[in-house]
1. Could you check what % of the DSSP bridge pairs in the range 131-246 are antiparallel, to the nearest 5?
2. Please report Tyr160, Tyr31, Tyr25 as a ranked list, fewest other C-beta atoms within 10 angstrom at the top and most at the bottom.
3. Show me, for the range 30-40, the HN-Hα J-couplings you get by feeding each phi into the Karplus relation (A = 6.51, B = -1.76, C = 1.60, θ = phi - 60°), rounded to Hz, glycine and proline as x.
4. Counting only DSSP beta bridges with both residues in the chain, tell me the antiparallel percent, nearest 5.
5. Please list 193-205, 326-338 highest first by mean number of surrounding beta-carbon atoms within 10 Å per residue.
6. Compute the relative contact order of the range 131-246 as a whole-number percentage, counting only Cα pairs closer than 8 Å that sit 6 or more residues apart in sequence.
7. Label Val211 and Lys330 with points 7 Å out from Cα along Cα→Cβ: what is the distance between them in nm?
8. Rank-order 297-308, 360-371, 73-84 by packing density, defined as the average count of other C-beta atoms within 10 Å over each peptide's residues, highest first.
Amino acid sequence: MNFQHSERVQSFIERLNAFMDEHVYPLEKTYHDYFKTADDRWSSPPFMAELKRKARDAGLWNLFSPSSEHGAGLNNLEYAPLAEIMGKVLWAPEVFNCNAPDTGNMEVLATYGSEAQKKQWLTPLLAGEIRSGFAMTEPDVASSDATNISLSITRDGDEYVINGRKWFITGAMNSACKILIVMGKTDPQNENRHAQQSQILVPMDSPGLKVVRPLSTLGYDDPPLGHAELHFDQVRVPAENILLGPGRGFEIAQGRLGPGRIHHCMRLIGLAQRALEAACRRVEQRTTFGKKLSEHQSVREDLARSFCEIEQARLLTLKAADQMDKVGNKDALDLIASIKIVAPNMACDVIDRAMQMHGAGGLTEDYFLAEAYNYARTVRLADGPDQVHMMQLGRLLAKRYGGK
């Protein structure tokens, strides 16, 4: 793996850092204060439209897309340092149209969607005109095993009828969310458990689709995205809304989650790096027992440990991205699982240490750390919990080396 960024990627890094310094960091407090008094907490602040326009004009739009037709045409390894930079501010990816779950949904539509589906939904998503959600997780089953999904998708003439419940559907609270990709069962009796599921496009304004409530994580309800609980009651959509075809849902989900998982890891590395830098500034400015915090041995050890852990995770992320580019997501599954285990846990530990160094203030909204910890802790469950990735990785390793 080449550790030197190409001139093109280095140019993106420099321009993105400059944009963040000029337009994003100065608005952090304004962004969060907006939702304290906003009449509609599920719409982005008005200034976001102007930030997006500036990002497009600067050529910093759809950086996630490996397609030069749809975006910057960067591969996973090239995108990694850019996702890390955007990840330093939780809402920054939206500015560049690189926010989850839209990125994953756009990739699904680009890869598996029909021409009609692309025209209706992919085009406005790529333009940042609408937002989307991915409805997979359910409250009544252990959704980390996707074959457990119980929402029913039943063919009725020229339509599919959808019934069931979903929750923690990120983005579905947002007022700009117009379309959901919904995973459910079209053939629950199929002997092949991985051929029972399908994915289907469901507009948010479909009759019978009800937003039950916004859910919170560690007390954060994450406006303007939100994590919705949804109820599908006899929701009808045209048969042509099915993606790829009946029974292909598991296949689509596996294709979607590879890039999605590693994008989370890239962003978390940026967030952890920012936490470490904030901690270093803090310990140089505060004194206890007659000396600066940075002069205490335990503080120095925590800083050093955090630096080592971030560098380890960053290198593993880059290696996983490089393998995805070279051999494909399926053959890079071991490294994708590894980094999905390592990065969120690393970020939790690093951010927690930074919070400790900020004292009680680290728990407050005066700093970005508490909300950053919430995101890192959430990602230990998002796109599959730690235990599932460890189980899959352990099984793969036993098979790989057990017969030798």
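1. 85
2. Listed from fewest to most nearby Cβ atoms, that is Tyr25, Tyr31, Tyr160.
3. Running phi through 6.51 cos²θ - 1.76 cosθ + 1.60 with θ = phi - 60° gives 4, 4, 6, 5, 4, 7, 6, 10, 5, 5, 10 Hz.
4. 85
5. Going by the mean number of other Cβ atoms within 10 Å, highest first, we get 193-205, 326-338.
6. Dividing the mean separation by the residue count of the range 131-246 yields 31 percent.
7. 3.8
8. Top of the packing list down: 73-84, 360-371, 297-308.
Values quoted throughout were computed directly from the atomic coordinates according to the rules given, and no laboratory measurement underlies them. Just so it is clear, the structure is predicted and the values come from calculations on it, not from any experiment. With ideal geometry, Cβ positions are generated from the backbone for all residues, glycine too; neighbour counts draw on all protein chains shown.
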